[in-house]
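Reading through the structure tokens given below for one structure.
The values are calculated or read from the model by the stated rules, or taken from the named source; none is laboratory data. The structure presented is a predicted model; accordingly, all values stated were derived computationally and were not measured. As a convention, Cβ positions derive from the backbone with ideal geometry for all residues, glycine included, and neighbour counts pool all protein chains shown.
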Amino acid sequence: MAGDCWLILGASSSIARAFARAVAERGDRVLLAGRDQDDLARTAADLGIRYGVECEILEFDALAFDRHADFAALVEARAFGSLNVFLAFGTMVDQSQIDRSPSLARLVLDTNLGGAISILSHLAPVMEAQGKGRIVVIGSVAGDRGRRANHVYGAAKAGLHAYCQGLRARLFRSGVTLTTIKPGFVDTSMTWGLPGLFLVASPAACARACLRHADRGAGVRYVPAFWWGIMTTIRLIPEPLFKRLSI
Amino acid sequence: MTLTGWGRTAWAGVTAARPERIRDVYEILGDVGDDGLIVHGAGRSYGDVALNRDGRVLLSERLDRILAFDEATGEIVCEAGVTFAELIETFLPRGFLVPVAPGTSFATVGGAVANDVHGKNHDRVGSFGDHVRWFEMALPDGQLIRVDPDTQPGLFAATVGGLGLTGVLLTVCFRMVTVPSARMEVEESRIPDLDAFLDALVAVRETADYSVGWIDALASGASLGRGILQTAFFKTDAPATFRPRRRISVPADLPGWVLNPVTVSTFNRFYFRRVPEEGRTGERAADAFLFPLDAVGRWNRIYGRRGFYQFQCVIPDDAAGDGIRKLLEIASSARAGSFLAVLKTLGGEGRGFLSFPMRGVTLALDFPARRGVRELLHRLTDITMLHGGRVYLAKDAVLTPEQFSEMYPRLDDFRAVLRDVDPDGRMRSDLSRRLHIRGEGEWRATAGSSWAHPPA
């Protein structure tokens, strides 16, 4: 069976749901992976009815490291046509909450960094063997500079960024592309109700941009693109000054 | 956050939550605070039906998945936040259409159930609730329940047209209808006055697929009630292809003075003359006929920052001639700048205890929010009462609790169900408080009015 197949990790998130619609609309097959099977079944039904694509759901838990190898094998068996990966899972715990209960830091690191590295490491050989395909990883502008307001989450995303840089170089040799997307403010449950947001992008717009960048095999992209300017400015602020700012 | 109805005359500061999956709904129901919770869909109701000042609001827009569709029967199951626009885009090319289409396609299915909406085909097919097979909802206490009219007749009748007060709708199953194409043949004719209009509407109510009248509400004297009658049928020899229309959008609030009696009556005259004296017949995309105003995004901005009121009532057939005449006389003499008014026939009562429709003639009028308009609305409401009619709650702004209970004779049945499923009053809205829908005891000493100007 020809055609593209997208494995969507963390498929209940709003960006992932929008991305699934975007690829299903053009006829790609979709494998939805996540913990909330009831929710995934609803999304699967929706994609099937709206776009007439085949859609399957898989159980996946980023924290269940010992099951990641089996999961990768299952994906390899289920993916018809060319496999592509969209990694959208993640958790953001409020920094003040982590400051109060420091053990929460591990959850943030294990999910956003450990879980992502683990599953990508297991999927990498599958992609290499295929000799083509796209991987999209949802990073974050938070990883560009450690901020007082969310430095544990930022540290995880910074680590993920570094991992993806290396993995990109490795996969490049077998014709597989890896695109790191750094969303600015996107209207998701993660940003819902946060004060001080501006120029918020819809999940659908973010998803379309992700797909566009993936199709071109881009490396690292900010979405919306103007966030490159904002983050470059923030990165350039000297540390002695930065630590005094409340950015 | 601050929410408003489509008319932008009712505003409410609320604590909002926007669930992205069903299980989030239970969490939200677990803590509704002191002032209760109401669901807010696409925000296309005009007034305060989906507002809850200082209380909690559940935004249903992200619960937008289609869960099942049966090509053989047209039966569809979808989440409550799915909009008519999505259903039409998905199913019209396959030859299926929603059985009832409200005036805007941006409304949600949940809102269509909660307000038991009607379309331009009410005489023949009834309102949206008439096509609902069953629905799943979370009761105010968090219990998941599947409701169909046979096993849960009371809860079904209290939820259809129930203004969101019986709980949170999660999924709805209803039947789509098959259509031969995505295009309609629309016949338009000039109608010189009100009597002729009522005769013409009554003459086509049983025969036309769709019918609607557009009235120049500023015309008076001999031409009172003049306007354009549109009747429409689906074409059989046209393709089912559906292309979303190109939309323009009103970029900002127009200044309040733009709509004045002169500009509006000029527009209305133009609209009337657009159709040649002998009438005309033309082909139109189904969505362009069903949702003419959807072509202009955020059209509510043309009324300016102060917003507008929409008044809609239905008057029973035998009193319609007299009642509609009085309403139009008041509207036109007030020179309040009512844009095109809409006149339609309705076929009969809905299935809900608080369903709006009854067999008769319905009139809808827009008024920019100006000094004196609320008094005008009161007068229109009083006349509606006098003629045994009913005001549409999805648009109402001025009804009193006494008028409400007289217009909606099945209110006691509704209250009995509410006492049963929501004894603590967890589901509340500004409308429910304003009209004492739950009963006398609902009034909250601290409640203010949400009918105020937007916060600066």
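Data for the structure
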read-out	value
In the range B:18-42, the residues that are surrounded by fewer than 19 Cβ atoms within 10 Å (Cβ to Cβ) and closer than 19 Å to B:G110 by Cα	B:R23, B:D24, B:Y26
Residues located in the range A:124-141, provided they are hydrophobic (A, V, I, L, M, F, W, C) and crowded, with 23+ Cβ neighbours inside 10 Å	A:M127, A:I135, A:V136, A:V137, A:I138
A:A22 surrounded by fewer than 23 Cβ atoms within 10 Å (Cβ to Cβ), under 16 Å from A:D215 (Cβ atoms) and not β-branched (V, I, T)	yes
Filter result (among the basic types (K, R), within 14 Å of chain A (Cβ to nearest Cβ) and surrounded by 24 or more Cβ atoms within 10 Å (Cβ to Cβ)) within the range B:47-74	B:R65
Conditions (1) closer than 29 Å to B:C78 by Cβ; (2) not assigned by TED's automatic domain parsing to the domain that holds B:G95: number failed by B:G162	(2)
Counted residues, the range B:16-28 - those being more than 9 Å from chain A (Cβ to nearest Cβ) and touching a strand residue (DSSP E or B) at 6+ places or on another chain (Cβ under 6 Å)	2
In the range A:36-77, residue nearest to B:D70 (Cα to Cα) [restricted to those that are in a helix (DSSP H, G or I), away from chain B (no Cβ under 14 Å) and in contact with a Leu (Cβ under 6 Å, 6 or more places away or on another chain)]	A:V75
Test: A:A16 is within 14 Å of chain B (Cβ to nearest Cβ) and not in a loop (DSSP other than H, G, I, E, B)	yes
B:E86 vs. criteria within 14 Å of chain A (Cβ to nearest Cβ), surrounded by fewer than 24 Cβ atoms within 10 Å (Cβ to Cβ), of a type in the set (D, E, K, R) and in a helix (DSSP H, G or I)	yes
So A:F80, is it aromatic (F, W, Y), out of contact with any strand residue (DSSP E or B) (no Cβ under 8 Å at 6 or more places or on another chain) and either within 14 Å of chain B (Cβ to nearest Cβ) or over 29 Å from B:E75 (Cα atoms) (or both)	no
Residues of the range B:132-179 classified as assigned to a loop (DSSP other than H, G, I, E, B) and not hydrophobic (A, V, I, L, M, F, W, C), total	14
Residues located in the range A:197-224, provided they are more than 14 Å from every other protein chain (Cβ to nearest Cβ) and over 25 Å from A:A24 (Cβ atoms)	A:F198, A:L199, A:G219, A:V220, A:Y222
Meets criteria (small (G, A, S), surrounded by 22 or more Cβ atoms within 10 Å (Cβ to Cβ) and touching a helix residue (DSSP H, G or I) at 6+ places or on another chain (Cβ under 9 Å)) for B:A138	no
So B:V125, is it closer than 20 Å to B:S60 by Cβ and not assigned by TED's automatic domain parsing to the domain that holds B:T231	no
Filter pass, A:G27 being part of a loop (DSSP other than H, G, I, E, B), touching a residue at least 40 places away in the same chain (Cβ under 8 Å) and more than 14 Å from chain B (Cβ to nearest Cβ)	no
Number of positions in the range B:261-284 that are part of a loop (DSSP other than H, G, I, E, B) and surrounded by fewer than 14 Cβ atoms within 10 Å (Cβ to Cβ)	5
Tally of residues being within 14 Å of another protein chain (Cβ to nearest Cβ) and farther than 17 Å from A:C210 by Cβ across the range A:159-195	5
Sole exception among (1) in a strand (DSSP E or B); (2) under 17 Å from A:I138 (Cβ atoms); (3) within 14 Å of chain B (Cβ to nearest Cβ) for A:A33, by number	(3)
Breaking point among (1) within 14 Å of chain A (Cβ to nearest Cβ); (2) outside any loop (DSSP other than H, G, I, E, B), for B:W11	(1)
Wholly within the range A:141-239, helices (runs of 4 or more DSSP H) carrying at least 1 residues that are without any contact (Cβ under 8 Å) to a residue 60 or more places away in the chain and under 17 Å from the mean Cα position of the chain (by Cα)	A:151-172, A:203-215
Residues within the range B:407-442 that are assigned to a loop (DSSP other than H, G, I, E, B) and either among the hydrophobic types (A, V, I, L, M, F, W, C) or free of Cβ contacts under 8 Å to residues at least 24 places away in the same chain (or both), tallied	4
